[in-house]
Amino acid sequence: MEAVEHEEHPYLRTKKRIPSSKRFWNHRTLLLMCIPAIAFFAVFAYLPLPGLYLAFVKYNYSLGIFQSKFVGFDNFRFLVISGDLWRLTFNTIAYNLAFILFGNVMQLTVAILLNELAKKWFKKITQSLMFLPYFISFVLVGLLAYNILSYDYGLLNSVLASLGMDPLKTYSNPDVWKYIIVLTYLWKTTGYGSSNYFAAIMGQDSEVI
């Protein structure tokens, strides 16, 4: 009588270990796609981390960060004693709340208005033009604001002077900047943020909407 061969259960089989080099080669396409993201976080998230040491030194421009005198928590003690800690904390929270509230309202409103446009070519051009400010760095935004709001050579005061009106001292008026900062943030992020809401609206059934 012949012996009956029993097939080994798949879970009982020993899985052959694949060398790491072969696994990297088999997934080379996915790894290449990850390189831009890895480079982004390495440059903008990890390389700046040594700069945190600046908070614990008495910074000297001629010596640099790591050659300056280490003072421990003296800078934090000065911040608390100066009385500006509450003002800085309040401004940070207030600006972030304004960015979240007005930002989401503007983005949702723009997405709804774009969805109501009948002409597809006009809708695409409008969306593209609104998307462009997101790619402008804040350095260029600051330069643009200076060229518009400068007291001596700004575009705004040049227009006011041509109309026979008194120029505005925008840079010396702190009450105006809380509105300028919020408006600048909305200008930069509304186009980008509205694309997410617009994609969600386009995915909805028109009969439900």
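A few remarks follow.
- Estimated [θ] at 222 nm from DSSP helical runs (n ≥ 4, -39500 (n - 2.57)) normalised by residues in the chain, nearest 500: -19500 deg cm²/dmol
- Of the accessible area of the stretch 28-83, computed with a 1.4 Å probe over protein heavy atoms only, carbon and sulfur atoms account for 75 percent.
- For the stretch 98-183: relative contact order, % (alpha-carbon pairs under 8 angstrom, 6 or more apart): 17
- Cβ-defined net charge surrounding Val110, 15 Å radius [Lys, Arg +1; Asp, Glu -1]: +2
- Against the main long axis of the alpha-carbon atoms of the chain, helix 138-149 sits at an angle near 20°.
- FRET efficiency estimate (nearest 0.05) - Cβ-Cβ, Asn60 to Met202, R0 45 angstrom: 0.20
- A Gaussian network model of the chain, with springs between Cα atoms under 10 Å, assigns the largest mean-square fluctuation among Ile180, Ile136, Ile38 to Ile38.
- A 1.4 Å probe run over the protein chains yields, for the stretch 104-204, 70 Å² of accessible area per residue, whole-number rounding.
- For the stretch 76-91, the Karplus equation 6.51 cos²θ - 1.76 cosθ + 1.60, evaluated at θ = phi - 60°, returns couplings of 5, 5, 5, 4, 5, 5, 5, x, 8, 4, 5, 5, 5, 5, 4, 4 Hz by residue, with Gly and Pro reported as x.
- Summary value for the chain: 19 percent relative contact order, contacts being C-alpha pairs under 8 angstrom separated by 6+ residues.
- Residue with peak Gaussian network fluctuation, the chain [Cα springs, cutoff 10 Å], from Gln127, Gln107, Gln67: Gln67
- Share of carbon and sulfur in the accessible area of the stretch 89-209 stands at 69%, probe radius 1.4 Å.
- Sorted peptide list for 18-27, 163-172, criterion being average Cβ within 10 angstrom, highest first: 163-172, 18-27
- Mean separation of Cα contacts under 8 Å (6+ apart) over length of the stretch 140-198, as relative contact order %: 19
- Size of charge dipole - the chain - debye, nearest 20, with Cβ of Lys, Arg +1 and Asp, Glu -1, no other charges: 600
- Structure-derived volume of the Cα convex hull per residue in Å³ - corresponding label in (1) 159; (2) 129; (3) 367: (3)
- Selected from Pro36, Pro174, Pro48 as most flexible by GNM, with the chain as the system and alpha-carbon contacts under 10 Å: Pro36
- The listed peptides 87-96, 108-117, ordered by packing as a protection proxy, come out as 108-117, 87-96 (highest mean of other Cβ atoms within 10 Å first).
- Cβ-Cβ FRET estimate between Phe44 and Thr92, R0 fixed at 30 Å, reported to 0.05: 0.90
- The C-alpha atoms of the chain define a longest principal axis, and helix 120-131 lies at about 70 degrees to it.
The values are calculated or read from the model by the stated rules, or taken from the named source; none is laboratory data. Just so you know, these numbers come straight off a predicted model, no measurement behind them. For neighbour counting, all protein chains shown are included, and Cβ atoms are generated from backbone atoms with ideal geometry for every residue, glycine included. All accessible areas refer to the heavy atoms of the entire protein, side chains included, with ligands and DNA or RNA removed. Shrake-Rupley method; radii C 1.70, N 1.55, O 1.52, S 1.80 Å.
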